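Structure, as structure tokens:
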Amino acid sequence: MLSDLLLRDFRCFTECRVPLHPETTLFIGRNAQGKTSLMEAACVLLRLQSPRTSQKGELIRLGATTMLVEGTLDGKKVRCAQSATARRLAIDGAVCGRSGDYLAQSGLVVWMDHRDMNLLRGGAEHRRRYLDFAASQMFPDYLKALRGYERAVRGRNYVLKRDAVIQWRQADAFAGVMDEFAQVLRDRRQSLMDSVRPHVAKVHHDLSTGAEAVEVSYVPGFSGASLAEELAARRDEEGRNRQTAAGPHRDDLTLTLNGLDASTYASEGQQRSAALALKVAQARVLEEAAGKPPLLLLDDVFGELDAQRRRALLGLLPPGTQKIITTTTLDWARDEVVGGMVYGVEVGVVKQIEAGEIL
């Protein structure tokens with residue numbers, strides 16, 4: 001459990017300390033007041049990545065040089081400080097030289113927001129991000145393989161585009177480096193989806209009260225035993241397009257609703273239910289892997305759902321899960337059983353709201 005958060009020079013916050021409820025913490029306020037940044041800080045603290053940006057400098061308050069996020073996780077003090085060029089991590093005052101050592105002692109996270117609709121409507125990069133965020137929390141070797149593969153494929157694409165006549169020996173050398181990492185990524189992603197698939201089907205069945213059946217499948221970006229061999233066989237295609245034709249960077253997921261492509265034939269409500277099912281399934285799989293539920297960060301999700309889906313979603317979340325929720329209004333919460341702590345957020349200032357002020 002994450003029992004408190006301290007932000008210093010993070011996004012719009014000069015300094016902010018917030019105790020968190022073991023079950024539910026609600027942040028309420030108008031848009032662009034800092035609600036999502038509070039949740040983002042929790043994600044950065046526990047997973048060292050933001051679901052909103054890959055540019056670390058964007059996390060630092062304008063005019064500051066370093067941001068700090070600190071909290072108490074299961075009785076341990078965890079700390080992440082970031083400048084534009086360097087990061088310092090510590091647990092209970094002991095500096096962690098490697099991010100892997102820090103992440104091994106940190107907590108698990110599931111992030112849910114309105115952009116989850118991109119899991120059905122968006123390009124394959126959104127579904128790969130879903131795979132990466134979960135797999136990196138489940139498998140200790142995943143992030144190393146992902147970063148190594150990404151560096152190698154960037155280098156190979158550069159070689160393919162650099163010269164009028166492609167230097168295939170250099171391209172093949174990069175393919176050899178990519179191959180080992182690609183095997184790890186494909187195996188881990190397949191294992192993840194083998195675990196996720198039955199949960200997606202069950203959660204969506206419950207969300208739709210049994211009226212619809214959703215299936216999700218993993219589609220690897222290369223089919224053979226060796227990525228290097230497959231790339232060698234596709235040399236003519238790569239010579240024309242000047243980019244790497246196969247590999248985990250082309251992985252995807254397919255979702256079907258009652259046997260039909262959900263991205264094409266499902267209604268908006270059905271797509272929303274499918275996206276929710278994917279995220280709830282992610283939470284359940286992470287709980288199975290770790291033996292305890294992850295922290296759920298829900299960014300303005302409930303306000304977009306009808307009463308039936310809200311109640312269903314609350315009931316489907318893993319029992320005992322700690323939740324941090326942002327919302328622009330508490331109208332929906334009055335109809336649900338949502339206990340815990342409530343904070344108002346306005347222009348980077350956080351103030352606790354007492355029960356009498358909510359009604």
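Nothing in this text is a laboratory measurement; each read-out follows from the coordinates by a stated rule. Since the model is a prediction, treat every value here as computed from it, not as a measurement. Note that each Cβ is placed from the backbone with ideal geometry, even for glycine, and that neighbours are counted across all protein chains shown.
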Compute the angle between helix 307-316 and the longest alpha-carbon principal axis of the chain, please, reported from 0 to 90 degrees and rounded to the nearest 10. 70 degrees
If each K or R counts +1 and each D or E counts -1, the residues other than Glu230 whose Cβ falls under 15 Å of its Cβ total -3
Under a 10 Å cutoff between Cα atoms, tell me which one of Leu330, Leu286, Leu38 has the largest fluctuation in the Gaussian network model of the chain. Leu330
If you place +1 on the Cβ of every Lys and Arg, -1 on the Cβ of every Asp and Glu, and leave all else neutral, what size is the dipole of segment 1-156 about its Cα centre, to the nearest 20 Debye? 580 debye
Total formal charge among the other residues, if their Cβ is under 13 angstrom from that of His21, Lys/Arg +1 and Asp/Glu -1: -1
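Calculate, for Ser217 and Arg115, the FRET efficiency according to 1/(1 + (r/R0)^6) with r their C-beta to C-beta distance and R0 25 Å; round to the nearest 0.05.
Using R0 = 25 Å, I get an efficiency of 0.65.
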If you line up the long axis of helix 142-162 against the longest principal axis of the chain, both from Cα atoms, how many degrees apart are they, to the nearest 10? 50 degrees
With a point put 7 Å past each Cα toward its Cβ, work out how far Arg234 is from Leu62 in nm, to one decimal. 4.4 nm
If a/c stays under 1.5 just call it rounded; otherwise compare a/b with b/c (prolate if a/b is bigger, oblate if not). Do that for the chain, with a ≥ b ≥ c from the square roots of the Cα gyration tensor eigenvalues. oblate
On a 0 to 90° scale, report how tilted helix 35-47 is relative to the longest principal axis of the chain, with both axes built from alpha carbons and the result rounded to the nearest 10. 60 degrees
At R0 = 30 Å, FRET efficiency that the Cβ-Cβ distance of Ala32 and Ser83 yields, to 0.05: 0.75
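What order do you get for Cys80, Cys43, Cys12 when you list them from fewest to most C-beta neighbours inside 10 Å?
Neighbour counts put them in this order, fewest first: Cys12, Cys43, Cys80.
Explain nothing, just the number: relative contact order of the chain, from Cα pairs under 8 Å at least 6 residues apart, as a whole percent.
With pairs under 8 Å counted, the relative contact order is 24 percent.
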Burial ordering of Leu73, Leu295, Leu7, fewest other beta-carbon atoms within 10 Å first: Leu73, Leu295, Leu7
Quote the charge dipole size of the chain about the Cα centre in Debye, to the nearest 20; the model charges only the Cβ of Lys and Arg (+1) and of Asp and Glu (-1). 1020 debye
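For segment 77-147, rounded, prolate or oblate, judged on the Cα gyration tensor with a ≥ b ≥ c (square roots of eigenvalues), a/c < 1.5 rounded, else prolate if a/b > b/c?
Prolate shape, in that a/c is at least 1.5 and a/b is the bigger ratio.
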How much net charge surrounds Cys96 when only other residues with a Cβ under 13 Å from its Cβ are counted (Lys, Arg +1; Asp, Glu -1)? +4
Fewest-first ranking of Phe13, Phe139, using other Cβ atoms within 10 Å as the exposure measure: Phe139, Phe13
What is the distance in Å between the Cα centres of segment 122-155 and segment 211-266? 15 Å
Test of understanding: what is the full-extension gain from Ala90 to Ser3, defined as 0.36 nm times their sequence separation minus their Cα-Cα distance? 29.6 nm
